[in-house]
Amino acid sequence: MTASGPAGRPVVVCLDAGTTVIKAAVFDEDGHELFAVSRGTTVSHPSPDRAEQDMDAVWEAASSAVREAAERLDRPVEFLALTAQGDGAWLVDGRHRPLRPAVLWNDGRAAGIVEDWRVRDVLTEAFRINASLTNAGLPNAILRALIAEEPETTARAAAVLTCGSWLFLRLTGVLGMDSTDSSAPWLDLRLAQHSDALFELYGLGPQRHLVPPLLGAADRVQKLTAEAAGLLGLPAGLPVVLAPYDIASTAIGSGATEPGHASCVLGTTLCTEVLVDSVDTTAQPAGLTLALDTPDLLLRAFPTLAGCGVIDWLAGLLGLPAPGAVTALAGQASPGADGLRILPYLSPAGERAPFLDLNASGLITGVKFGHQPEHFARAVLEGLGHVIRDCLTAAPGHPTQLRLCGGGAASSSWCQMIADITGIPAIVTTDSQVGAKGSFVHASALLGRYPDLATAAAALIRTRQRFDPVPELTGFYDGEHEEFLTTREMVSVRWPHWRTHPDAGAASEVGTHA
């Protein structure tokens with residue numbers, strides 16, 4: 001099957017390299033999604049708190065997806081846009097070859113280091129510079145852990161990359177980082193450049209050379225190399241645009257492009273985001289702040305460690321065939337799930353947004369004999385909805401719309417539930433590949449097809465459905481949200497006693513030498 005259209009009208013290929021799935025989505029020049037090709041990837045877990053990926057395997061999956069997309073086209077490709085999972089540490093040597101498997105954003109090996117930084121106020125001091133709260137999945141923490149665990153490997157390292165900068169390197173031969181990837185943990189927001197003070201705070205002054213240069217807007221458009229072109233089936237010299245990493249591209253692709261716009265990715269992580277024109281670095285440290293291309297446009301992001309994986313967990317526990325069966329089942333229970341409540345903090349690495357607690361654990365309360373599977377399904381979806389509301393409260397301003405995307409946005413009932421819990425109208429667009437669409441919108445503005453992001457989004461993004469909150473239900477959920485927060489505060493003091501990190505002792509000892 002080929003993507004046909006008016007003769008000579010070009011298309012755009014957008015590569016979205018997620019954690020478990022890599023997609024090559026094809027759009028026509030008006031922003032209509034034509035088709036997408038996907039490739040699954042493998043995440044290995046050497047121990048329960050660790051998550052790694054083979055870097056070459058990620059490149060192979062990405063190039064294979066693009067190649068299949070190219071083979072299905074009978075129209076010219078105007079450019080290739082790239083977005084990818086963020087954070088983590090992807091180490092390469094001087095020949096730009098992987099030194100070890102990539103350590104991913106949801107890895108917990110650096111938990112003890114982050115805890116030591118918290119105790120010594122390193123996290124707070126860093127927030128005063130970059131408005132981001134470091135967690136165990138960021139490259140600064142992972143690099144410190146690898147220096148202690150694998151000194152010979154890190155001594156051979158020439159650069160510590162992210163997934164996006166790794167794929168951009170393979171596509172174009174250019175070594176560098178997008179501003180969103182650099183923002184947390186390396187960027188001084190006021191100066192818009194990498195901060196020597198931050199490297200010293202993290203105890204990484206000698207490793208400063210490992211962080212690639214920050215790429216300006218013009219530098220993020222490079223030519224596809226002949227070698228990569230041969231693998232992808234695209235012409236050498238084709239423009240390749242490095243877009244913001246996936247959570248930022250997804251916000252853009254959902255239509256959030258101006259201060260006050262909010263979005264939430266209902267995916268592996270629940271990533272709630274609000275665009276702002278400034279950030280208060282004196283505030284209580286929370287979340288991440290990502291610098292975008294547009295002057296005075298910053299993204300306050302609260303990516304949780306537990307998202308739709310909680311729904312997957314419940315589907316397996318109940319023997320349901322797919323996560324969609326959980327949302328369908330939840331519709332059989334009334335709001336409030338007959339008093340059953342769930343704190344959905346199930347990640348082995350604890351939680352990082354909107355609060356940081358490496359020991360955070362899930363909790364089920366109010367259980368009675370009368371509760372059935374549908375009550376558990378409802379309580380999980382409502383618990384995740386309260387997490388989204390918690391993140392929106394932590395962000396500045398009062399959003400008037402919340403744009404939803406990701407796999408969970410396919411459930412109209414859950415989207416309505418989120419609107420009711422947050423009290424904010426929710427909007428879902430027509431695109432299934434929202435991250436890829438965001439890379440397209442961003443690249444279109446960067447290449448001058450449109451004067452700015454907002455104009456590009458208005459031309460290329462279309463609304464599918466709007467969910468207005470029901471006032472009576474929002475009033476009910478106001479009380480439920482207070483109960484959610486009160487319960488969490490009450491049990492949080494017990495979290496350290498309920499779970500331990502296998503490597504906490506060793507990692508904590510490493511952290512004391514910062």
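Read-outs: derived from the displayed coordinates by stated rules, not from any lab. These figures come from a predicted structure and were not determined experimentally. So basically every Cβ, Gly included, is an ideal-geometry build from the backbone, and we count neighbours across all protein chains shown.
Using a cutoff of 8 angstrom between alpha carbon atoms and counting only pairs six or more residues apart, the relative contact order for the chain works out to 16 percent. The separation of region 378-399 from region 450-474, counted between C-alpha centres, amounts to 19 Å. Straight-line cross-link partners of LYS23 among the lysines, defined as a Cα under 16 Å from its Cα and at least 8 positions apart when in the same chain: LYS437.
Size estimate for the chain follows the Kirkwood approach: the inverse of mean 1/r over distinct Cα pairs works out to 23.1 Å.
Taking 0.36 nm per residue of separation and subtracting the Cα-Cα distance, what length does fully extending THR365 through ARG128 add? Provide the component values of the computation, followed by the final result.
Working: separation 237, 0.36 × 237 = 85.32 nm, distance 3.75 nm.
Full extension of this stretch gives 81.6 nm more.
When both region 163-233 and region 13-80 are represented by their alpha-carbon centers, they are found 20 Å apart.
Here the chain is treated with +1 on each Lys and Arg Cβ and -1 on each Asp and Glu Cβ, and its dipole about the Cα centre works out to around 600 debye. Ordering LEU80, THR19, GLY230 by Cα displacement along the dipole of region 11-242 toward the positive end leaves GLY230 in first place; charges were set at the Cβ atoms of Lys, Arg (+1) and Asp, Glu (-1).
Once the cut-off is 19 Å, how many percent of the Cα-Cα pairs in region 362-468 end up in the long-distance tail? Result for the distance tail: 56 percent. On a per residue basis, the convex hull of the C-alpha atoms belonging to region 11-242 measures out at 119 Å³.
Hey, got the dipole for region 11-242? About the Cα centre, +1 on K and R Cβ, -1 on D and E Cβ, debye to the nearest 20?
Rounded to the nearest 20 debye, it is 320 debye.
Under a Cβ-Cβ cut-off of 13 Å, what is the net charge of the residues other than SER432 that fall near it, where Lys and Arg count +1 and Asp and Glu count -1? Walk me through the numbers before you get to the answer.
Details: positive: LYS23, LYS437, ARG462, ARG464; negative: ASP16, GLU33, ASP431.
Residues near SER432 contribute +1 overall.
The H on the amide N of TYR245, modeled in the peptide plane, is under 5 Å from the matching H of THR180, ASP181, each at least 5 residues off or on a different chain. Placing unit charges on the Cβ atoms of the charged side chains and taking the dipole of the chain about its Cα centre, the candidate lying farthest along the positive direction among PHE35, ALA89, PRO244 is PHE35. Calculated translational diffusion coefficient of region 174-318 (4 °C, 1.567 mPa s; Stokes-Einstein with Kirkwood radius over alpha-carbon pairs) equals 74 µm²/s.
Could you work out the per residue convex hull volume over the alpha carbons of region 348-418, in cubic angstrom? Before the final figure, lay out each step's value.
Working: hull volume 9.5 nm³, N = 71.
So the per-residue Cα hull volume is 133 Å³.
Helical runs (DSSP H, four residues minimum) scored at -39500 (n - 2.57) apiece and divided by the length of the chain put the mean residue ellipticity at 222 nm at -11500 deg cm²/dmol. In this simple spin-label model, placing a label point 7 Å from the Cα along the Cα-to-Cβ direction at both ASP74 and GLN401 gives a separation of 3.7 nm.
A simple count of charges around PRO303, restricted to other residues whose Cβ falls under 12 Å of its Cβ and scoring Lys, Arg +1 and Asp, Glu -1, yields -2. Positive contributions from Lys and Arg (+1) and negative ones from Asp and Glu (-1), summed over other residues with Cβ under 13 Å from the Cβ of ASP280, come out at +2.
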